[in-house]
Amino acid sequence: MFRLSPSSILFSITISLILCLSFSSSIIINPSKVKQISWKPRAFVYEGFLTDAECDHLISLAKSELTRSHVADNESGDSKLSEVRTSSGMFIEKAKDPIVSGIEEKIALLTFLPKENGEDIQVLRYEHGQKYDDHYDYFTDKVNLARGGHRIATVLMYLSNVAKGGETVFPEAEQEAPRRKSSSAVADDDLSECAKRGISVKPKKGDALLFFSLHPTAIPDPSSLHGGCPVIEGEKWSATKWIHVDSFDKIIEPSGNCTDSNDHCDKWAALGECTNNPEYMVGTPQLPGYCRRSCKVC
Ligand code: PD2
Ligand code: ZN
């Protein structure tokens, strides 16, 4: 009679489980793949977050439509060309195809933040010498705060390896002595001079860097200052998902409409937020705030 050995039974159970998991389209986030980079700011690397196929897909979507990257003007919020950021990039529309949707699903699971709070993914290409100078991902202008409020977190996905340079650096991060400066097991001389200015992450295809721009109290965290170091050798591709405290998909109501957009508005108004935080609460006639009714401005 044909008999199965215990090891072959175990093997078939394992294979069935793997197939079952992959066909049920369940996306699994494995906490043991997360490495803490820093607590000030809160920054973590998830190793192997994207598959090679997902990285290549994002690059192929972006490749034909790259344009010089812009930055937001701190006062007006206008998008402008600047030497601060010399990369090229393009935005990929949310849920553009099943692969992009799957990546956005994984990001929501990794961050515990809803998909609707995220902006479109921005794919960036840095060629030799290109960089992104130190900056904050949170905004200080009213225009950018009007949609979705502050950016709370950023997920930066590395789509390629970079021979030298291109690290993401946090120059104001608090160093925990005697801890290594770089997240990955690389010798210090593997890091560019720019990366040695603080805690840095060396790009590795498929890895994702998650960091928070706000403290848990929702106040901007200045230690989240970060930059993309110049690429010294090779080419760098990355994809950024910026995530806000509120929905980025919600349509801003016309100014004539006297409503609150948040259930807590009356409580915040009672605590003085209409005067302490007018950008968010009241806004402007062009860009109405979230609590106009409770602030009695309409
Ligand atoms: O591509 C990077 O390394 C980088 C560095 C700093 C990207 C961003 N910021 C960003 O997209 O905000
Ligand atoms: Zn940034």
Can you pull out every residue in segment 208-238 that is surrounded by 24 or more Cβ atoms within 10 Å (Cβ to Cβ) and either assigned to a loop (DSSP other than H, G, I, E, B) or without any contact (Cβ under 8 Å) to a residue 24 or more places away in the chain (or both)? SER213, CYS229
Strands (runs of 3 or more DSSP E) completely within segment 116-169 that count 3 or more residues being within 16 Å of ligand 2 (Cβ to nearest atom), surrounded by 20 or more Cβ atoms within 10 Å (Cβ to Cβ) and not hydrophobic (A, V, I, L, M, F, W, C): 151-158
Please verify whether segment 196-203 includes one or more residues that are of a type outside the set (Val, Ile, Thr), open to solvent by 10 Å² or more (accessible area, probe 1.4 Å), out of contact with any Phe, Trp or Tyr (no Cβ under 8 Å at 6 or more places or on another chain) and farther than 30 Å from SER60 by Cα. yes
Would you point out which residue out of ILE99, ILE59, ILE107 is at pLDDT 90 or above, part of a helix (DSSP H, G or I) and buried (at least 19 other Cβ atoms within 10 Å of the Cβ)? ILE107
Can you tell which of LYS241, LYS267 is open to solvent by less than 80 Å² (accessible area, probe 1.4 Å) and among the basic types (Lys, Arg)? LYS241
Exactly one of ASN117, ASN161, ASN144 is within 29 Å of PRO288 (Cβ to Cβ) and within 15 Å of ligand 1 (Cβ to nearest atom), and that one is ASN144
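Can you go through THR217, THR240 and tell me which one is among the hydroxyl-bearing types (Ser, Thr, Tyr) and under 20 Å from SER87 (Cβ atoms)?
Among THR217, THR240, only THR240 is among the hydroxyl-bearing types (Ser, Thr, Tyr) and under 20 Å from SER87 (Cβ atoms).
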Can we say GLU172 is within 16 Å of ligand 2 (Cβ to nearest atom), open to solvent by less than 30 Å² (accessible area, probe 1.4 Å) and at negative phi? no
Set LEU214, LEU210, LEU225: member being modelled with pLDDT of 85 or more, among the hydrophobic types (A, V, I, L, M, F, W, C), within 17 Å of the chain's Cα centre (by Cα) and within 26 Å of ALA53 (Cα to Cα): LEU210
Just to verify a result, which residue in segment 62-88, among those that are open to solvent by less than 70 Å² (accessible area, probe 1.4 Å), out of contact with any Lys or Arg (no Cβ under 7 Å at 6 or more places or on another chain) and not small (Gly, Ala, Ser), is modelled with the lowest pLDDT? VAL84
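The values are calculated or read from the model by the stated rules, or taken from the named source; none is laboratory data. Just so it is clear, the model here is predicted, and its values are computed rather than measured. No Cβ is skipped: glycine too gets one built from the backbone with ideal geometry, and neighbour counts run over all protein chains shown. Each accessible area value is taken on the protein alone, full model and side chains, heavy atoms only, with ligands, DNA and RNA left out. Shrake-Rupley method; radii C 1.70, N 1.55, O 1.52, S 1.80 Å.
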